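Take a look at the structure set out below.
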Amino acid sequence: MKNSCRKFWLAGASAIAAGLWSQAALAATGTQAGVSINNTASVSYSVNGVSQTPVSSNNATFLVDRKANVMVAEVGGTATTVAFGQTNQVTTFTVTNTTNAIQDFRLFATNIGLGGTTQLGHTDNFGVTNVRVFVDVNGNGTYEAGTDTATYIDELAPDQTKTVFVVADIPASGPASGISGVQLTAVVATGGTATSLGADLVLTLLGDDPNQVDIVFADGVGYADLLRDGRFSAGDEYAIAAATAEVTKYAKLISDPINGLLLPKTIPGAVVEYCIAVKNIGANALTSVGVTDNIPTNTTYVASSTYVGGSFALGACIEDGAQATDGNVFNGTRIATSIANIAVGATVTTRFRVTLN
């Protein structure tokens, strides 16, 4: 064989160990999409015992494809406790880019629907309204209405995570043990242009093209999405707080017409003070609290004896609070008072007196 006729056609895959790889950043997600993998083989040989100039193969090259993947997770593992009529109530999620490329993520959230089972295992029996999605811009894990205004994730690097808030309003009324499930879905979208949401990625249906970056969906089955559909979802829930007002009524003998204040007895003409103590045993403040009490039979209301907003200590009502005007609280048969706010754990009292007929 003449040396001039030597020709070697070598496939790059047959000699990877001898190849030259282009450098690429490696993360948990693997080599980044779009990186060119290049490989050239070299063969050395001798003719009649004489070493010849090594011969190199052609350069075998291909582009790394995009393994599109995303993970969405609910944060905390418990429901967000709410009360009817509240607005801008928050459930929290994380979205992690497990794609081997920088990606945008389109986000949307919905109610799961009446009768559906929440991710926490409860049955949805009412719907929240005005459901919105916002990205935690400054990464502090707390929803801030004036700061967290982004509605999609922009240019998230591989293996990086963003906190996302689902924000909703609670209707004015509903079932006492209300549960409303919500779900957040993140869709893998095209990255590369900052401050602009890219289009949803589209699965490559044909065979591999070594000269282009093909798209392979690698996501699992989420709370409300399918296997390998380019998206992932997780659920959370809002739970109406259980009854939060504990009411206790106390009767205290003040005086009688014979003994006065010293060791009085409940004889006709005795004065008895009633105290209604309202304690907030829930997780939210009580507002617009109304206290109503009928004047007992065989007793007469003592004029100007109603006091509102008093305190409670050591198992007894304190002689404090603001004196109410009879015209505002007494209608001839009952007293009715209003307390604007009772903080969590606090007790507020209403007091009035009657005379035994």
Exercise. On the given criteria, is THR94 surrounded by 15 or more Cβ atoms within 10 Å (Cβ to Cβ), within 17 Å of the chain's Cα centre (by Cα) and within 25 Å of GLN32 (Cα to Cα)?
Worked result: yes
Seminar exercise, completed: Scanning the range 40-77 residue by residue, the ones that are more than 27 Å from LEU205 (Cα to Cα) and either assigned to a strand (DSSP E or B) or open to solvent by 40 Å² or more (accessible area, probe 1.4 Å) (or both) total 23
For this session: Report, by residue number, each residue of the range 175-208 that is under 19 Å from the mean Cα position of the chain (by Cα) and open to solvent by 40 Å² or more (accessible area, probe 1.4 Å).
Result: none
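Here is a yes/no grid of residues against (1) open to solvent by 40 Å² or more (accessible area, probe 1.4 Å); (2) over 42 Å from the mean Cα position of the chain (by Cα):
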| residue | (1), (2) |
| --- | --- |
| LEU261 | yes, yes |
| VAL278 | no, no |
| ASN294 | yes, yes |
| GLY327 | yes, yes |
| ALA340 | yes, no |
For this session: Scan (1) among the aromatic types (Phe, Trp, Tyr); (2) within 19 Å of the chain's Cα centre (by Cα); (3) open to solvent by less than 50 Å² (accessible area, probe 1.4 Å) for the single condition TYR152 breaks and write down its number.
Result: (3)
Exercise. Any chance the range 236-252 includes a residue that's aliphatic (A, V, I, L, M) and more than 30 Å from the chain's Cα centre (by Cα)?
Worked result: yes
For this session: Identify all residues within the range 313-337 that are in a strand (DSSP E or B) and over 16 Å from VAL291 (Cα atoms); write none if there are none.
Result: ALA313, ALA316
Exercise. How do the pairs read when you match residues in the range 108-128 that are without any contact (Cβ under 8 Å) to a residue 12 or more places away in the chain with residues anywhere that are part of a strand (DSSP E or B) and not charged (D, E, K, R), using Cβ under 7 Å and keeping only pairs 6 or more apart or on different chains?
Worked result: GLY115/THR123
Problem set entry | Given (1) closer than 30 Å to SER36 by Cα; (2) in contact with a Phe, Trp or Tyr (Cβ under 8 Å, 6 or more places away or on another chain); (3) open to solvent by 60 Å² or more (accessible area, probe 1.4 Å), number of the condition ALA172 does not satisfy | (1)
For this session: Identify all residues within the range 227-284 that are at pLDDT 95 or above, part of a loop (DSSP other than H, G, I, E, B) and of a type in the set (Lys, Arg); write none if there are none.
Result: ARG228
Exercise. Based on what the data block shows, is VAL213 open to solvent by 20 Å² or more (accessible area, probe 1.4 Å), in a loop (DSSP other than H, G, I, E, B) and modelled with pLDDT of 95 or more?
Worked result: no
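Within the range 116-140, track down each residue that is open to solvent by less than 40 Å² (accessible area, probe 1.4 Å) and within 17 Å of VAL72 (Cβ to Cβ).
Scanning the range 116-140 gives THR118, VAL133, PHE134, VAL135, ASP136.
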Exercise. Does the range 163-172 contain at least one residue that is in contact (Cβ under 8 Å) with a residue 24 or more places away in the chain, of a type in the set (D, E, K, R), more than 22 Å from MET71 (Cα to Cα) and part of a strand (DSSP E or B)?
Worked result: yes
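The values are calculated or read from the model by the stated rules, or taken from the named source; none is laboratory data. As the structure is a computational prediction, the values presented were derived from the model and not from experiment. Positions of Cβ are generated from backbone atoms using ideal geometry, with glycine treated the same way; all protein chains shown enter the neighbour counts. In case anyone asks, the SASA skips ligands and DNA or RNA and just uses the protein heavy atoms, side chains included. Shrake-Rupley method; radii C 1.70, N 1.55, O 1.52, S 1.80 Å.
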